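Comments concern the structure below.
The values are calculated or read from the model by the stated rules, or taken from the named source; none is laboratory data. Small disclaimer: the values here were computed from a predicted structure and weren't measured. Please note: Cβ atoms are built from the backbone with ideal geometry, for glycine as well, and neighbour counts cover all protein chains shown.
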């Protein structure tokens, strides 16, 4: 939710500095740097496992039978060999729901970020590249959204339009677009004056081409870092919205919704609140570690 | 045990309503103690013996400050306009009514601001003798004019809209007497006047407020045992004892109602000893609260019965599809719905009338749960997997049972699309407009009678009226039974009419009545004199610490 | 500089207008009606119509907005549909609680954030650093309501050290303050640490070290001041966000603040209250952001020169 304008400026500077390096070996350099960070590697490992599990879940879990079919008489059972993580208030297997929820959470998280980035690129690049009146108009529009606290904005949208994944995605990405617009805009402004951009202009490249081929790739570093952190935030934010009753539609599982359902039983059945809680914390922490690792790896200063 | 308790509780209510109807002469014979009442009388004795064991009273602490936690904030102090039980609770303290319910036996009415009442020959007019020397909170004395004025104003209030349709006139007879007439002899009418929404206040105060533009939602001048002190929106509401109360000054002097909208936080706050009484316990917290030392959890059956409505209006799935409705009936396992939806804290009550209300039949049996039969019936309708839309409101009270029922119907072969909506949007879209094939809700009979529970949902005259019969339920036979119940003053006859209604509804499958949840009340073991009330009409003046 | 401030203040007008239009549209064009919500099930069509008339809900979409706006221009924010109290009063009754909560949270996140941030940067790769980094990671990954509930369970229910609810004493705000500050605290620690590390590696600090300045002097005289520049901005931005972002904390600890007012009002479709509270919060957070920028410009001459150039 919070952001920091200064960091983006320095990110832009870094990106600009980096642009002077040879681009081809960039990825290899970043990876080599990233590899040195054991924690970040661990984070990456966790996320890769999660993504694989999420993608392959339908192979070993039947949505109808394992995820949503209730067996109320068998509710609130502790962990056993049959149900490794126990069952919830409707007698459904928590492990299956947890794994399936990874799909929902990750899908929602990544969709939100994708929309946020695309929206941010379109608005931020336009504003930054064209400058003047357009810049002013876009930025004031962005200011409107920034002036509405995110949680309240999300509540207004979800509470009035209804609980559903699309509405959640809408609410959360509306909160992200302004953030990415700002980051990209400042990157673009930082890069606009660079020699290689001037050179491209002289070669007769059009505005959109310059932005897409030359500026965006050079600004990707800070964007990716921010995006990784924002996925983590989004997953936590969805949990928060679920807490105030604005999550996704049951019987679909989602970590935040599972957590907020489980909290009702937390004193008597603490295992219920453990698993979705750990899933959220683990994912968010891993993404943060990756984000940090990437930031360090992308920072030329860290390379000596 | 719970089931037994529900039967017993129901029995007490029915028995009470049959035996004691008003304090004076009645046109109809009250000899209608039919078969159900007799068996229940014995059961009633049983509860009375069992009740004190629930909370062994501790020695008095001598404290005079009481803190209540409520998860709902009242809307207004003005009688007649409030539809939330949190508000009724406050109004019970601020205002008196002409007649009052007896704690523990709702239908036994005792004198309030009226000391006596008498029915006319035709049963349409009741003449009340007013209590003398009753003072309003500003010190002025209550007059017959005040009573007539406030009853008239109350009747204009939105909450009393149904009762107002009954009323023919409210008149002052002399300085000591007023007469209230109804359009026809309506058996439960006196019960209506015992609701806090028919509270009495000062005419002068009302007119002054109107003239000066004072917010009447936030001020009062009643005759109740407590005066309004302060209300911080979203935070707390404070009352203080009225020392000139006609019934004697109450023992508890200061009452604070804390508003905590999050049920879980509220429950934890109660557990950590921050209050004496707590309304709004979530069923999920029931066991934990019960296990907490010094906490007494009262299983108060709510006055609303959960039901499932199957929409037969144009364009909806169940139109002309009785077999599909029957299939739904067979797919419902009420024990399971109670367990998953209300954490097993409710009572399975398949009868349309609330167990707390007149007309309840504890022995009646619904269509049995039979999944194979449900599948067979559904297959017979030529169903080929069309989506059946089921919209439910997002409070756990509705949403949790909905999740279980949606799954049960899915097992029977229905392709259910369950949509949980924000409460406000749901009320607008479903409750008022009927835009769903299925939904679940609760009956909300304002006063403890079958007529209040059922008429609006099942009478054909109520079709298409917002919040009423939105599913095209009802037929001539059902109308006849409902009208019979409404216009009869004979208890046995009325009881049988409502049994007919229940049978017709079950045969047609319009609504499936499911269970009754609990409006739990939690008190510390220091609170004495607390008697559970389904509609939260508590009188704090009767309590002590 | 004054010109810049003036321009930014002027810019607030379209921003606030935009905020109100967006929220008004969301609330008005979706299902749910204040009158029916207030009256509940027992309402009849006549009583709903009567209440709609009383509340002024009958006009068209634009007509109602214009009526609201013209009221605001005269300083009248309208009357709450639900409580019938002036919106101004509703907002200001609850505002102090939110401010107290936000400032406690800001204080916690700023003080401890900067402290631990510096500590862990100065002792990079030490045990302390590792613990701080790990704690930061955990703080930023925990859903805040979960943190709040865990604290309630431990400190209010089990140990009974702190009261769960209430807003009358300073200690009422300890747990809510920590809950609301968790993510900001994590951010501030990270920010301070990174920025401190950046500065420590910077040339002028190296020079200072090379000249033989004692480590203390290097850290406090040279490094800290520069390292804290971005932290100041972060705190400013956080403050703006905190004012509107305490919704969940208010919900967990039953604090009657602006956030809980907004939630109930949104659910009740109490449009005047939502609009009033939101415009108020937007105005406040914009002003705080402006103040932060100004402050920042004064601390960092480079930024100041940027504005002057324009």
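When the residues of segment C:157-175 are filtered to those that are over 25 Å from residue A:268 (Cα atoms) and either outside any helix (DSSP H, G or I) or at the interface with another protein chain (Cβ under 9 Å from one of its Cβ atoms) (or both), which remaining residue is nearest to the chain's Cα centre (by Cα)?
Among those that are over 25 Å from residue A:268 (Cα atoms) and either outside any helix (DSSP H, G or I) or at the interface with another protein chain (Cβ under 9 Å from one of its Cβ atoms) (or both), it is C:167.
Looking only at residues of segment A:236-278 that are at the interface with another protein chain (Cβ under 7 Å from one of its Cβ atoms), in a loop (DSSP other than H, G, I, E, B) and under 22 Å from residue A:158 (Cα atoms), we find that the one that is modelled with the highest pLDDT is A:251.
For segment C:215-230, residues that are buried (at least 22 other Cβ atoms within 10 Å of the Cβ) and under 30 Å from residue A:152 (Cα atoms) total 1.
How about segment A:31-56: which of its residues are over 19 Å from residue C:137 (Cβ atoms), surrounded by 13 or more Cβ atoms within 10 Å (Cβ to Cβ) and within 21 Å of the chain's Cα centre (by Cα)? I'd like the intermediate steps shown before the answer.
Taking segment A:31-56 first, the residues over 19 Å from residue C:137 (Cβ atoms) are A:31-33, A:35, A:51-56.
Keeping just the survivors that are surrounded by 13 or more Cβ atoms within 10 Å (Cβ to Cβ) gives A:33, A:35, A:51, A:53-54.
Correct list: A:51, A:53, A:54.
Just so you know, in segment B:220-247 the residues that are assigned to a loop (DSSP other than H, G, I, E, B) and modelled with pLDDT under 90 include one that is surrounded by the fewest Cβ atoms within 10 Å (Cβ to Cβ), and it is B:247.
Restricted to segment A:99-199, the set of helices (runs of 4 or more DSSP H) holding at least 2 residues that are more than 10 Å from every other protein chain (Cβ to nearest Cβ) and at pLDDT 85 or above comprises A:132-147, A:165-192.
Suppose we filter B:536, B:489 for residues that are surrounded by fewer than 24 Cβ atoms within 10 Å (Cβ to Cβ), touching a residue at least 12 places away in the same chain (Cβ under 8 Å) and within 28 Å of residue B:339 (Cα to Cα); which single one remains?
Working: B:489 fails: within 28 Å of residue B:339 (Cα to Cα).
Testing whether each residue is surrounded by fewer than 24 Cβ atoms within 10 Å (Cβ to Cβ), touching a residue at least 12 places away in the same chain (Cβ under 8 Å) and within 28 Å of residue B:339 (Cα to Cα) leaves just B:536.
The residues of segment B:406-457 that are closer than 20 Å to residue A:75 by Cβ and under 24 Å from the mean Cα position of the chain (by Cα) amount to a single one, B:440.
Only one entry in C:171, C:184 is modelled with pLDDT under 90, crowded, with 17+ Cβ neighbours inside 10 Å and farther than 21 Å from residue A:279 by Cβ, namely C:184. In segment B:203-219, the condition of being within 25 Å of residue B:101 (Cβ to Cβ) and in contact with a strand residue (DSSP E or B) (Cβ under 8 Å, 6 or more places away or on another chain) is met by no residue.
Would segment B:81-97 turn up any residue that is without any contact (Cβ under 8 Å) to a residue 40 or more places away in the chain, surrounded by fewer than 22 Cβ atoms within 10 Å (Cβ to Cβ) and under 26 Å from residue B:254 (Cβ atoms)? Yes. For segment B:252-289, enumerate the residues that are away from every other protein chain (no Cβ under 13 Å), assigned to a loop (DSSP other than H, G, I, E, B) and surrounded by fewer than 20 Cβ atoms within 10 Å (Cβ to Cβ). Once the filter is applied, which keeps residues that are away from every other protein chain (no Cβ under 13 Å), assigned to a loop (DSSP other than H, G, I, E, B) and surrounded by fewer than 20 Cβ atoms within 10 Å (Cβ to Cβ), segment B:252-289 yields only B:253. Scanning segment B:213-227 for residues that are within 14 Å of chain C (Cβ to nearest Cβ) and out of contact with any helix residue (DSSP H, G or I) (no Cβ under 6 Å at 6 or more places or on another chain) yields a total of 6. Looking at C:154, C:137, C:147, C:115 in this structure, which one is outside any loop (DSSP other than H, G, I, E, B), over 17 Å from the mean Cα position of the chain (by Cα), within 13 Å of chain A (Cβ to nearest Cβ) and farther than 22 Å from residue A:286 by Cα? Of C:154, C:137, C:147, C:115, the one residue that is outside any loop (DSSP other than H, G, I, E, B), over 17 Å from the mean Cα position of the chain (by Cα), within 13 Å of chain A (Cβ to nearest Cβ) and farther than 22 Å from residue A:286 by Cα is C:154. Of the helices (runs of 4 or more DSSP H) lying entirely inside segment C:5-102, those carrying at least 2 residues that are within 28 Å of residue A:144 (Cβ to Cβ) and away from chain B (no Cβ under 14 Å) are C:61-73.
Among the criteria (1) under 30 Å from residue A:267 (Cβ atoms); (2) within 11 Å of another protein chain (Cβ to nearest Cβ); (3) part of a helix (DSSP H, G or I), the one residue C:179 does not fulfil is (2).
The selection criterion, being buried (at least 17 other Cβ atoms within 10 Å of the Cβ) and either within 14 Å of chain C (Cβ to nearest Cβ) or modelled with pLDDT of 90 or more (or both), does not hold for residue B:105. For segment B:64-89, a residue qualifies if it is more than 14 Å from every other protein chain (Cβ to nearest Cβ) and in contact with a strand residue (DSSP E or B) (Cβ under 7 Å, 6 or more places away or on another chain), and the qualifying residues are B:64, B:65, B:66. Taking the listed residues C:148, C:166, C:212, the one that is surrounded by 15 or more Cβ atoms within 10 Å (Cβ to Cβ), at positive phi and in the same structural domain as residue C:250 (by TED's automatic domain parsing) is C:166, with no other qualifying. Examine segment A:289-301 for a residue that is farther than 30 Å from residue A:218 by Cβ and not in a loop (DSSP other than H, G, I, E, B), and state whether such a residue exists. Taking every residue of segment A:289-301 in turn, none turns out to be farther than 30 Å from residue A:218 by Cβ and not in a loop (DSSP other than H, G, I, E, B). Is it the case that some residue within segment A:32-54 is more than 30 Å from residue A:296 (Cβ to Cβ) and without any contact (Cβ under 8 Å) to a residue 12 or more places away in the chain? There is no residue in segment A:32-54 that is more than 30 Å from residue A:296 (Cβ to Cβ) and without any contact (Cβ under 8 Å) to a residue 12 or more places away in the chain.
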